[in-house]
1. How many of the residues in segment A:98-156 are within 7 Å of chain B (Cβ to nearest Cβ) and among the acidic types (Asp, Glu)?
2. Only residues that are in a loop (DSSP other than H, G, I, E, B) and more than 16 Å from ligand 2 (Cβ to nearest atom): list them for segment A:74-103, please.
3. Test residue A:2 against the stated conditions and say whether it is away from ligand 1 (no atom under 15 Å from the Cβ), over 14 Å from the mean Cα position of the chain (by Cα), within 10 Å of another protein chain (Cβ to nearest Cβ) and surrounded by fewer than 18 Cβ atoms within 10 Å (Cβ to Cβ).
4. In segment B:269-288, what residues are more than 19 Å from residue B:321 (Cβ to Cβ) and in a helix (DSSP H, G or I)?
5. Which of the numbered conditions does residue A:156 fail, given that it passes all the others? Conditions: (1) of a type outside the set (Lys, Arg); (2) within 16 Å of ligand 1 (Cβ to nearest atom); (3) under 24 Å from residue A:79 (Cβ atoms); (4) assigned by TED's automatic domain parsing to the domain that holds residue A:199.
6. Condition test on residue A:33, is it in the same structural domain as residue A:202 (by TED's automatic domain parsing), modelled with pLDDT under 95, within 16 Å of ligand 1 (Cβ to nearest atom) and surrounded by 15 or more Cβ atoms within 10 Å (Cβ to Cβ)?
7. Name the single residue that is surrounded by the fewest Cβ atoms within 10 Å (Cβ to Cβ) among those in segment A:6-30 being among the small types (Gly, Ala, Ser) and more than 12 Å from ligand 1 (Cβ to nearest atom).
8. Taking the options B:195, B:232, name whichever one is of a type outside the set (Gly, Ala, Ser), part of a helix (DSSP H, G or I), on the phi < 0 side of the Ramachandran plot and away from every other protein chain (no Cβ under 14 Å).
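The values are calculated or read from the model by the stated rules, or taken from the named source; none is laboratory data. Everything numeric in this text was worked out from a predicted model, so none of it was measured. Reconstructed Cβ throughout: ideal geometry from the backbone, glycine too, with neighbour counts over all protein chains shown.
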Amino acid sequence: MSQLSVSDISKSFGALKVIDKFDLDLAVGERHAVIGPNGAGKTTLFNMISGWIPPDTGRIEVEGLDITGRSPQAVTQAGLARSFQKNTLFDGLTVAESLRLAVQAHSPVRFNFLQPARKFGGLQQRAHEIARQMELETVFDRDVNTLSYGQKRQLEVGIALACSPKILLLDEPAAGTSPAERATLVRLLTTLPDDVTLLLVEHDMDVVFGVCERITVLNYGRVVASGTPDEIRRDPEVRAAYLGESAGHAGEAGKA
Amino acid sequence: MENTDDDSWHPLVEGDESRHDPMDRAAARDQRRFLTIALIGLAVLIALPFVVGDYYVSLFSEILIFGILVSGVNLLLGYTGLVSLGHASFMGLGAYVTAIAASLLGYPVWLSMLASILISLLIAYGVGLLSVRTKGVQFLLITLAFGQMFHAIAEKTRFTGGDDGMTNIPRIDLGFIGLDADQDRVFYFFVLVCFVVAMLILRRVVESPFGRVLVGIRENEKRMLAMGYTTFPYKALAFGISGMLAGLAGSLWVQHGFFVNPHIMTWELSGEALLMVIIGGSQSFFGPVLGAAFYVLAKDLLSEITEAYLMFFGLIFVLVVAFFQGGLAGFASRFAERFLNRKSDGGEDKP
Ligand SMILES: Nc1ncnc2c1ncn2[C@@H]1O[C@H](COP(=O)(O)OP(=O)(O)O)[C@@H](O)[C@H]1O
Ligand SMILES: [Mg+2]
């Protein structure tokens, strides 16, 4: 059974068809990238899969469970967590508090309203572990609004990761990060547990090629090509539509 | 309700106090600070009736009663980020329940108080369920509408004296420990006990995992949803708890003055409660109590000088918002920090 199955979903905003009959099947542990120029519909696709926008047609399943039209919180509780292209963080909280909240969301203690949260050391420990993985250990007790942009991007991913998802959706996690931070990200994503399925939207081709074994190319809401990184690199239609003249080394392609 | 049946899919993190590996330093510091302020404050409040006159003892009972109310309001305003204009009606509800049960139905006052607390919790939770799905101005208007409705009911109800309200409401019977609560000093200590219990419960709530969720909702509800929290039951329960505290305050209020009328339910009082919270400091646990003290004392002082005390209040409010970030509590804590830092001369390790 596939871990995530998206069949025939479409979405229009008014007259604009943003996603047109999109299909995707991810096996357990698959690392899959969705690439395509700005406005291709990648974020809209993520919004539909993660419950923020209901698709006009089609069906989305997590491990065979139909989640089409379910709320974002229900989708996340079903095991699918996402990060956002635009930072969606807790500016007034610390890194530790942010990560703890994410860990706690998937623990029965989240309903406890009469015992001090600090008694649940496991929450803190897991949060710290995530911070270490994301190389946010040194800023663990700092307020989020004091972090650098790159660190905020790391936290954006860390929060999704702290939900211990079976399926992880990352929307341009490397956008605006330094080469060192990108290397950390690649290392992290390549060392994810084998049973975590990854769906990645990313413009940085080093990250995409370094992490993913399959790639789907989206343009104007339609799948232009799908295959292994090598196949994608060689696909003439992809070169024309997306990778442009610098095919093969298209790190900057599609950046606004 | 939240979809809990899928909880099994990850190994979970239960209470394991022994393995505090990466220590939660912020929480430890916060706890130390809380205990320090609480103990000093308590000592002052216990000593007070022995050094000030009758009039001020009564005024301080009032402060503690408002302190309970505004601490509850702050659970919504400061912790959850929700602005309610309906809290006076829960205070009024608590007041009327005690008045009706103790005065009309002849139940003992302690039982009437419990009834006030329970009924205001339940009704506030219900109102919360209906209103917390909205946000911002809409939420404010819904809570205002509920408040006005309760106010109208109180005005129109014959058996509680309509607009005139009810008088001769008894205070708690402390005869079993040989005390007479009709004496203002005794009643003050009774209010103080209620205040301490209320603050301890509230402290537990804000420190709990539930309390952390409220703060998360304040900071970014969208991300909370994305993390998998169904936020509205949390907000509804916060509303219920804050209504419960308002109800307790109301129950004490009617005993304090021996009477109640619908005026206690007007939205003006809800607004004043918000002012107290903001003047005192919504980002601090005890800030709202400071705000209540400031409000009651300044009102007392100003109203002796002028009828237009609200005008001065407006001015003070604007000054506090403009210049005192974090209200009186924020000011006090910055002051204390500077003072302590100078004294200890870097002895304390600052993270
Ligand atoms: N809520 C919306 N309402 C109307 N148009 C939208 C909305 N969200 C996205 N779009 C449009 O859909 C298209 C795809 O956007 P998006 O999914 O963000 O693309 P990508 O993430 O691939 O850059 C764009 O033309 C965008 O303007
Ligand atoms: Mg996008």
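1. Within segment A:98-156, residues that are within 7 Å of chain B (Cβ to nearest Cβ) and among the acidic types (Asp, Glu) number 1.
2. Restricting attention to segment A:74-103, the residues satisfying the condition of being in a loop (DSSP other than H, G, I, E, B) are A:78-79, A:83-93.
Of everything in segment A:74-103, those that are in a loop (DSSP other than H, G, I, E, B) and more than 16 Å from ligand 2 (Cβ to nearest atom) turn out to be A:78, A:79, A:89, A:90, A:91, A:92, A:93.
3. On the way: away from ligand 1 (no atom under 15 Å from the Cβ): yes; over 14 Å from the mean Cα position of the chain (by Cα): yes; within 10 Å of another protein chain (Cβ to nearest Cβ): no; surrounded by fewer than 18 Cβ atoms within 10 Å (Cβ to Cβ): yes.
Criteria not met by residue A:2.
4. Matches in segment B:269-288: B:269 only.
5. Checking residue A:156 against (1) of a type outside the set (Lys, Arg); (2) within 16 Å of ligand 1 (Cβ to nearest atom); (3) under 24 Å from residue A:79 (Cβ atoms); (4) assigned by TED's automatic domain parsing to the domain that holds residue A:199, the one that fails is (4).
6. Details: in the same structural domain as residue A:202 (by TED's automatic domain parsing): yes; modelled with pLDDT under 95: no; within 16 Å of ligand 1 (Cβ to nearest atom): yes; surrounded by 15 or more Cβ atoms within 10 Å (Cβ to Cβ): yes.
So residue A:33 fails the test.
7. Taking segment A:6-30 as the starting set, the residues that turn out to be among the small types (Gly, Ala, Ser) are A:7, A:10, A:12, A:14-15, A:27, A:29.
Adding the requirement that they be more than 12 Å from ligand 1 (Cβ to nearest atom) leaves A:7, A:10, A:27, A:29.
On the way: A:7: 15, A:10: 16, A:27: 12, A:29: 15.
Selected residue: A:27.
8. On the way: B:232 fails: away from every other protein chain (no Cβ under 14 Å).
Exactly one of B:195, B:232 is of a type outside the set (Gly, Ala, Ser), part of a helix (DSSP H, G or I), on the phi < 0 side of the Ramachandran plot and away from every other protein chain (no Cβ under 14 Å), namely B:195.
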